[in-house]
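Worksheet for the structure shown next.
The numbers here are math on the coordinates, done by the rules we state, and not lab data. Bear in mind the structure is a predicted one, so any value in this text is a computation, not a measurement. Neighbour counts run over all protein chains shown; Cβ positions are idealised from the backbone, glycine included.
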Amino acid sequence: MRLQEIGRIVANTLEAMAKALEPGITTAELDMIGRKLLEQAGARSGPEMCYGFPGATCISVNEEIAHGIPGDRQVVAGDLVNIDVSAEKAGIFADTGASFAVPPISRTIDRLCRDGRRAMWTGIRQVGAGKPLAAVGQAVGDFARKNRYTLVRNLCSHGVGHTLHEEPEEIATWPDSSEQRIMNEGLVFTIEPFLSMGADLARDGDDSWTLFSEPSAPTVQYEHTVVATRHGPLVVTLPG
C-alpha cells in the first residue's frame, strides 16, 4: 500500500531526526539529516514540493510553534523543538510531527510533552468510518480542559493523500459545534492538536512562514496520518 510506505518513510525520518537532536546542532543540520533520509527512500519533501518552503522539513523552536525555517539557529539545552515531516512518493503524501524537549527540562515541560501525545491519541481513538468528525475535536477539547491546557484554535488537522493538504480541510482539534461532516470509509487525514500552557492562537512572524504562539506560551504539536476504517483508526505514520 503506497500510503503505508510513505507513512513509514516520514515516520522513520522523524525518528532519526529526533535521535540527532542535541545541544549544538543547528536546525539546518537537523533538516539536512531529514532531507538525505527522504532522498534515500525515494521521497520528496512535501512543503518544498507543494509550497516552495525553504527547507525539507519544518523545525520550530520554543516560541515558534509551526513552519519554522531551518537555518543557523543552534539548539540549546532546555529548548522545546517541534519537527514536522511530510513527503511524497509515487504520488501519495503522508504527514507526521512531534515536539521534543532537549534535556535538562522541567517537570512541567515533560508533562506538557507527555500530555501532548495523549491529546493526539485521544483524538485518534475517535476515528472510524461513519463517525462524526466533530468527535475528534470534542474529545481533544475535553482532555485539554480536564488537564488545564489551552488549544491553538487556528491551526487545523486536514485531509492528506493525493496532495499535502486536501479535503476535508480545516478539521478542528477543539470543540466545534458547526462541524457536521462524517468520516467516510477510507478517509485519510491528520490528527494534530496544538496543546499549550496558555496560547490559543498562532500568529505570523517576520518571515512568510514561521508561526508563533499567541499569547506566548510553551506549546507542543503531535501529528499522525490516519485512515478511517470500519474497524477504527489505521495509523500509517509509525516507524518500522
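Converting the Cα gyration tensor eigenvalues of the stretch 49-96 into ellipsoid dimensions via √(5λ) gives semi-axes, longest first, of 24, 11, 8 Å. Available extension along the chain between Gln74 and Asp142 is 20.8 nm, counting 0.36 nm per residue and deducting the alpha carbon span.
Label positions at Asn184 and Arg2, each projected 7 Å from the Cα along the C-beta direction, are separated by 1.9 nm. Spin-label model, Tyr51/Asp204: points 7 Å from Cα along the beta carbon direction are separated by 1.3 nm. With a Förster radius of 30 Å, plug the Cβ-Cβ distance of Lys36 and Arg111 into 1/(1 + (r/R0)^6) and report the FRET value to the nearest 0.05. The pair Lys36/Arg111 has a calculated efficiency of 0.35.
Taking all pairs of distinct Cα atoms, average 1/r, flip it, and tell me the Kirkwood hydrodynamic radius of the chain in Å to one decimal place. Display every interim value, and only then the final one.
Working: mean 1/r = 0.0568 Å⁻¹.
In the chain this quantity evaluates to 17.6 Å.
The stretch 189-205 and the stretch 32-66 have Cα centres spaced 19 Å apart.
Would you calculate, for the chain, the mean residue ellipticity at 222 nm contributed by helices, counting each DSSP H stretch of 4 or more residues as -39,500 (n - 2.57) and dividing by all residues, to the nearest 500?
Details: 5 runs with 70 residues, N = 240.
The per-residue figure over the chain is -9500 deg cm²/dmol.
Modelled this way, with points 7 Å down the Cα-to-C-beta line, the labels at Asn154 and Leu238 are 3.6 nm from one another.
By the rule of a C-alpha distance below 25 Å, with chain neighbours fewer than 8 residues away ignored, the lysines paired with Lys36 are Lys19, Lys89.
Evaluated with a Cβ-only charge set (Lys, Arg +1; Asp, Glu -1), the stretch 12-171 carries a dipole of roughly 780 debye about its Cα centre, given to the nearest 20. Paramagnetic label reach from Ala129 (point 7 Å along Cα→Cβ; backbone nitrogen cut-off under 18 Å): within the stretch 222-236, residues 226-236.
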